[in-house]
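Accompanying notes for the structure given below.
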Amino acid sequence: MKLLYFAWVKTKTGLSEEEVTPPEDVATVAELLTWLEGRGPEFADALSDREAIRVAVNQSFARPGDPVGPNDEVALFPPVTGG
Amino acid sequence: MIRVQEADFDVGAELAKLTDGNTAVGGLAVFVGLVRDMAGGSGISAMTLEHYPAMTEKMLAEIEAEAQARWPLEASLIIHRYGRLEPGDQIVLVAAASAHREAAFEACQFLMDWLKTKAPFWKLEETDQGAQWVDARSSDDAAAARWVKRDPDAAE
């Protein structure tokens, strides 16, 4: 699974992208976020306010219960501020 | 048409191209967003717009297609810049052309409102207090929500 981080999620995790292999029981967006939080203090900090995290799966906005799989591109970022 | 680019754009030239040869157009509504020099009481010397290229293109195309589906548009255009910009610089151009003004005005506002909440751009402002990521505004969510169609069968 390819993970991408943007804006302050990138700043806090210190990563812009990485390849990960979550355990097989990580099947949804919410489960992925919970697994990521457990990877270290920088992830726990970046993801501590779930309301402030938006997730896109394969370049489309996703909800907590939406499925994620090994071949997906998953992006984590704050609410958008363009325009 | 949508374009995401680092370079500046020439509003006059873009609008001329958009309606060139199409005499069915009776009204063209345009919005140009510029970099302000103030935010929340802090002076801004510059800002950097970051984006998620693959998703930006996809979302802008979806937003434009939705406007085309809702209003009888002859032409539409979204240009959004990324990279480092300074106060007074142009950030975004949105234009909607139709036979009559009402569709053009409404579609132009819709495009901006939806872009503000759906296109994956983030602003990093350089202020006197250091660099700060801009927070999303609830007023932008409210502006976008005006355009959400109510499904009469949907449960509240």
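Observations on the model:
- With a simple spin-label model that places each label point 7 Å from the Cα along the Cα-to-Cβ direction, the separation between residue A:19 and residue B:22 comes to 4.4 nm.
- Annotation for the range B:1-76 versus the range A:1-23: alpha-carbon center distance of 29 Å.
- Percentage relative contact order, chain B, counting C-alpha pairs under 8 Å, at least six apart: 31
- Listed residue (A:22, B:31, A:48) projecting farthest to the positive dipole end of the protein assembly as shown, Cβ model: B:31
- Placing +1 on the Cβ of every Lys and Arg and -1 on the Cβ of every Asp and Glu, with no other charges, gives the range B:14-156 a dipole of roughly 160 debye about its Cα centre.
- Other residues whose C-beta falls under 14 angstrom from the C-beta of residue A:79 contribute a net charge of 0, scoring Lys and Arg +1 and Asp and Glu -1.
- 15 Å beta-carbon shell around residue A:15, net charge (K/R +1, D/E -1): -4
- Normalised contact order of chain A, rounded percent, pairs of Cα under 8 Å and 6 or more residues apart: 40
- For residues of A:15-24, the mean tally of beta carbons on other chains within 10 Å: 0
- Cα shape, the range A:2-77, gyration tensor, a/c 1.5 rule: rounded
- Shown here: the protein assembly as shown, whose C-alpha atoms stretch 60, 51, 32 Å along the first, second and third principal axes, sorted largest to smallest.
- A simple charge model with +1 on the Cβ of Lys and Arg, -1 on the Cβ of Asp and Glu and nothing else charged puts the dipole of the protein assembly as shown at about 480 debye relative to its Cα centre.
- Potential lengthening between residue B:6 and residue B:38 on full extension [0.36 nm per residue; Cα-Cα distance subtracted]: 9.3 nm
- Check: the range A:2-77 dipole with +1 on Lys, Arg Cβ and -1 on Asp, Glu Cβ, in debye: 240
- Remark on residue A:82: its backbone amide H falls under 5 Å from those of B:121, a criterion applied only to residues 5 or more positions apart or on other chains, H modelled at 1.01 Å from N.
- For the range B:1-65, with +1 on Lys and Arg beta carbons and -1 on Asp and Glu, the positive-most of B:7, B:41, B:22 along the dipole: B:41
- Global form of chain B, assessed from the alpha-carbon gyration tensor, a/c cut-off 1.5: oblate
- Label zone (residue B:70, point 7 Å along Cα-to-C-beta; backbone nitrogen cut-off 16 Å) within the range B:86-113: B:94-98, B:102-113.
- Local net charge near residue B:70, Cβ-Cβ under 13 Å (Lys/Arg +1, Asp/Glu -1): -4
Bear in mind that the values in this text are calculations on the coordinates, not laboratory data. Predicted model, so just to flag it, every value in this text is computed and none were measured. Note: ideal-geometry Cβ built from the backbone for every residue, glycine included; neighbour counts use all protein chains shown.
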